[in-house]
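Worksheet: the structure to be examined is printed underneath.
Values quoted throughout were computed directly from the atomic coordinates according to the rules given, and no laboratory measurement underlies them. Everything quoted here is computed from the prediction, not taken from an experiment. Glycine gets a Cβ as well: all are built from the backbone with ideal geometry, and neighbour counts include every protein chain shown.
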Amino acid sequence: MLAVLEGFSVVWLIILVGWFVGRQKVLGENAPQVLSRLSFFVASPALLLETLSKADLAEVFSAPLLAAALSAVLTGGLFFLISRLWLRRSVSEALLSAMSSSVVNAANLGIPIAAYVLGNAALIAPVLIFQLAFYTPCYLLLLDTTTSGRRATPGRVFLQIFRNPMILGTLVGLVLAATHWKLPALIAEPVHLIGGAAIPAILIAFGMSLGSSKPLAAKDGWRTDTLLATGFKLALHPVVAFLLGRFLIGMDGAALFAVVVAAALPAAQNVYVTAQRYQVGVTVAKDTVLATTILAIPAMFVVALLLG
């Protein structure tokens, strides 16, 4: 668990650097938006391309992937309905809140936790691939459609797919993985270097945003959304993953434990980047990422006590 705490500490130290830089206004007023756009349009697509190009696609069609997919879709879908029908949010706001409640930090927190808690870093791969290749691109496509103000037609949907850099990076990475092609070193090295900027840019931008407002401020009007999204992420999502994995898919032992621990991971910082990109649900995304990152370790301790 010390290694897991170290993984969280690295994340928090980078966020703290971002907070300090933001407080000192070193990069100017619009730096969080600039860094978020750098990550969304440039660095994250490169990271997605490189990560997925090296993936074993046989792992995509496995029982852990099915449990991760169903639990995320059910959790996010339920929150979407609550957000629309009870909280009366717009479609795009409800989509962003649903992302906050069901998209996990599978990369920079999921990998060390899989390695040091579950004993095998590869156990996080099905969740990572599902989110990168399918789940997040679906949200991006829906947000493209709902924020553009234009009626969705097959032609426009097709164009939106190929105009979104995150989806493009995903598609190219999957094609490379499926065909076992490798990028020439002249291209692969720049892609690797650019992709390496994605996570630091996300975390620094997130840290800078913390100095601009007080988390869970009642005046923002999003406290209920944030508290519900946090509860869904850290409590409902793992419970749904357990029920589906155990009783629908028939998993048990270490495989079931891995699926539930992965579901208890905090909300991904990419949700905040997406909120900044579409300028919708920014407060919910920021506060949910913050709250779940603080509370995720206690949540995973509970999972370990119940299933470990």
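Could you list F247, F301 in order of exposure, starting from the residue whose Cβ has the fewest other Cβ atoms within 10 Å?
F247, F301
Could you order peptides 235-243, 97-105 by the average number of other Cβ atoms within 10 Å of their residues, highest first?
Ranked from most to least packed, the peptides come out as 97-105, 235-243.
Starting from the amide H of V103, placed 1.01 Å from N in the peptide plane, find each other amide H under 5 Å away whose residue is 5 or more places distant or on another chain.
A268
Looking at the chain, do any whole DSSP H helices span at least 27 angstrom along their long axis by alpha carbon and average 1.6 or above on Kyte-Doolittle, and which?
Membrane-span-like by this rule: 2-24, 63-85, 282-307.
List the relative contact order of the chain as a percent without decimals, with contacts defined as Cα pairs under 8 Å and 6+ residues apart.
Rounded, it is 34 percent for the chain.
Pairwise over distinct Cα atoms, reciprocal of the mean inverse distance: report the Kirkwood radius of the stretch 197-296 in Å, one decimal place.
For the stretch 197-296, inverting the mean 1/r across all distinct Cα pairs yields 14.6 Å.
Working from the pairwise distances between different alpha carbons, so that the mean of 1/r is found and then inverted, what is the chain's Kirkwood radius in Å?
19.5 Å
Give the longest segment of the chain that steers clear of trypsin sites (Lys or Arg not before Pro) in DSSP loops with at most 12 neighbouring Cβ atoms within 10 Å, not counting the sites themselves.
Formally, the longest exposed-site-free interval is 183-308.
When the helix-only estimate is applied to the chain (DSSP H runs of n ≥ 4, each -39,500 (n - 2.57), divided by the residue count), what is the mean residue ellipticity at 222 nm, nearest 500 deg cm²/dmol? Please list the in-between numbers first.
Numbers: 17 runs with 214 residues, N = 308.
Computed mean residue ellipticity for the chain: -22000 deg cm²/dmol.
Express in whole angstrom the spacing between the alpha-carbon centres of the stretch 253-287 and the stretch 123-148.
So the separation of the two Cα centres works out to 11 Å.
Only counting other Cβ atoms within 10 Å, I'd like D144, D252, D287 sorted with the fewest neighbours first. Walk me through the numbers before you get to the answer.
Working: D144 22, D252 11, D287 27.
Listing D144, D252, D287 from fewest to most nearby Cβ atoms yields D252, D144, D287.
Starting from the 7 Å offset along Cα-to-Cβ, what nm value, one decimal, do you get for the label separation of F41 and R88?
So the label points at F41 and R88 sit 3.6 nm apart.
How far is it, in nm, from the label point at D252 to the one at L227 when both lie 7 Å from their Cα along the line to the Cβ?
My value for the distance between the label points is 4.0 nm.
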